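The structure appears right after this line, and notes come after that.
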Amino acid sequence: SMVRTACTSLIAGSLLDTPAISDIVDMLIDDLSTKPDLLINMFDIRLQDDYTFAHSVNVCSFAILIGMSCSLRRDQLRELAIGALMHDLGKTLVPSDLLKKPGPLSPAEYEQVREHASAGFEILRRQGEIGLLSAHIAFQHHERMDGSGYPRGLAGSEIHLYGRIVAVADVYDALVSDRAYRPRFLPHRAAELLLEQSGQFFDAEIVHRFLQQVAFYPTGTLVRLSTGVIGVVVDVNKPVTTRPIVRALYDAEGEDLDDYYELDLSRNSDISIIEVIADETRLA
């Protein structure tokens, strides 16, 4: 695809294919702008293959959704989306074995990985056709609201709106992805982690807008609950998108229930989703 071609051709020192990047961004904005539902199906827009490639596109898609909820103009959405797509460009200069290391990084290795933010900014700002605000997204997506981030320790409004948006999109997509050092988090748990760090690390308004935009468990998703019961999501529950309405179908052994019933997880705080079941042969 055009997205993959553009992303895999990003070799340090070479000119970026900026027309292709612009085309990709326009396609993503057009696609997300024409969705009939206010809530976007997370499983529709997240890619699952090669992590670095998929992560770039996923973060770009999430950033566009947040940007649209902030009523950004088309030209601003394009600036945001270009920077979001290229936010991890500096990682092309980090050894892949370091990025995929299953154990903890040494202080020296961590410093090496942290350099990707500055390196990505330097590559992007040398591209005449990529705006400085887009380039700054690579520079700022690891900054945190309390000043604890890197590379410059910026805080609050010192971090550009685009940087604050991509910080949320970046961390959420990383949390719901399998990594070398840990398995993925379930969508609602990743959302809870964002909320827990909202205001301290992340812009609280941006987190709120993101959680209002995405259906973490879209209608039709088969899930296992903490009670052992297996059911299907029948309503995404707009006020609390992380706590959908589930119709119970099977008991903990995978046997059909005699009577189906519905559970509104927003009203049953003691019950939670513990697994998304992609393969119905795994019901028991």
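Please treat every number below as a calculation from the coordinates, not as lab data. Note that the coordinates shown come from a computational prediction; the quantities given were computed from them, not determined experimentally. FYI the Cβ positions are ideal-geometry reconstructions off the backbone, even for glycines, and counts take in every protein chain you see.
Compared with the dominant principal axis of the Cα atoms in the chain, helix 18-33 is inclined by about 30°. Applying the criteria of a DSSP loop state and at most 12 other Cβ atoms within 10 Å to the trypsin sites (Lys or Arg not before Pro) of segment 202-284 yields ARG267. In this calculation the C-beta distance from GLU111 to ASP178 is compared with R0 = 22 Å, giving a FRET efficiency of 0.30.
How large is the translational diffusion coefficient of the chain in µm² per second when you combine the Kirkwood radius over alpha carbon pairs with Stokes-Einstein at 20 °C and 1.002 mPa s? This corresponds to a translational diffusion coefficient of 108 µm²/s.
Here each label is just a point 7 Å from Cα along the line to Cβ, and for LEU193 and LEU133 those points are 3.1 nm apart. One chain, two ends: ALA20 and TYR261. Fully extended at 0.36 nm per residue, the span grows by 81.8 nm beyond their Cα-Cα distance. Based on C-alpha pairs under 8 angstrom that are at least 6 apart in sequence, the chain has a relative contact order of 14 percent. For segment 264-270, the Karplus equation 6.51 cos²θ - 1.76 cosθ + 1.60, evaluated at θ = phi - 60°, returns couplings of 8, 5, 6, 10, 10, 5, 7 Hz by residue, with Gly and Pro reported as x.
Computed from Cα atoms, the angle from the helix 204-213 axis to the main principal axis of the chain rounds to 60 degrees.
Measure nothing fancy, just the Cα-based angle from helix 161-175's long axis to the longest principal axis of the chain, in degrees from 0 to 90, nearest 10. Approximately 50 degrees, to the nearest 10.
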